[in-house]
Amino acid sequence: MAIRKNNIVIEIELVEITDQRITYPLTITSALVLDGSILFGRNDKGYQFESVGERAEIVIPIVGSVEVPEERHNLRARIDFGYVYLDEKQVMEEGMLVYDAYGEPVMRTVRDKVVSSTMVVRLTETVTLVDARAG
């Protein structure tokens with residue numbers, strides 16, 4: 001995380017996917033920076049990961065004004081993301097389940113659904129905001 005003038009910059013790297021049923025793209029749909037329930041900033045631009053090792057730099061503009069100059073804040077980032085989940089479903093033809101020659105159900109891998117999830121991480125730095133207009 002870095003702080004630049006009126007922005008907080010968060011770098012995210014896709015390190016690994018442990019569930020083989022998760023398929024690309026993995027899409028970050030929004031990123032928020034919060035101090036408790038106070039919203040410090042938001043970025044709703046979409047970011048997509050197509051492979052492990054990709055990075056995204058998310059610039060989050062600080063919103064509103066600083067109420068107490070030089071007050072320290074312990075910020076958290078909330079990252080909302082989605083991905084496509086693969087699942088196995090039994091094949092149906094003309095309303096009937098299909099079985100192979102051994103009486104086993106015939107299965108097919110399908111793109112079952114888009115899953116939405118949220119990750120919340122505490123930012124490693126304590127932030128002190130200064131209102132340049134004060135005083």
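Here are the numbers for the structure shown:
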{"read-out": "Residue in segment 13-23 that is part of a strand (DSSP E or B) and modelled with pLDDT of 85 or more present", "value": "yes"}
{"read-out": "Checking residue 58 against (1) closer than 17 Å to residue 118 by Cβ; (2) at pLDDT below 85, the condition it does not meet", "value": "(2)"}
{"read-out": "Segment 46-63 residues that are more than 10 Å from residue 11 (Cβ to Cβ), paired with ones that are open to solvent by less than 50 Å² (accessible area, probe 1.4 Å) and in a loop (DSSP other than H, G, I, E, B) (beta carbon under 7 Å, 6 or more apart)", "value": "49/14; 52/14; 52/17; 53/14; 54/14"}
{"read-out": "First in segment 78-90 and over 23 Å from residue 40 (Cα atoms) and open to solvent by 50 Å² or more (accessible area, probe 1.4 Å), second anywhere and in a strand (DSSP E or B) and polar (S, T, N, Q), Cβ under 6 Å, 6 or more apart", "value": "88/109"}
{"read-out": "Residue match in segment 109-125 (condition: at pLDDT 80 or above, in a strand (DSSP E or B), among the acidic types (Asp, Glu) and out of contact with any Pro (no Cβ under 6 Å at 6 or more places or on another chain))", "value": "no"}
{"read-out": "Residue within segment 76-98 that is modelled with pLDDT under 85, of a type outside the set (Val, Ile, Thr), part of a loop (DSSP other than H, G, I, E, B) and in contact with an Asp or Glu (Cβ under 7 Å, 6 or more places away or on another chain) present", "value": "no"}
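The values are calculated or read from the model by the stated rules, or taken from the named source; none is laboratory data. Keep in mind it's a predicted model, so treat the numbers as computed, not measured. Cβ sites come from the backbone with ideal geometry, for glycine too, and all protein chains shown count toward neighbours. Surface areas here come from the heavy atoms of the whole protein model, side chains and all, with no ligands, DNA or RNA. Shrake-Rupley method; radii C 1.70, N 1.55, O 1.52, S 1.80 Å.
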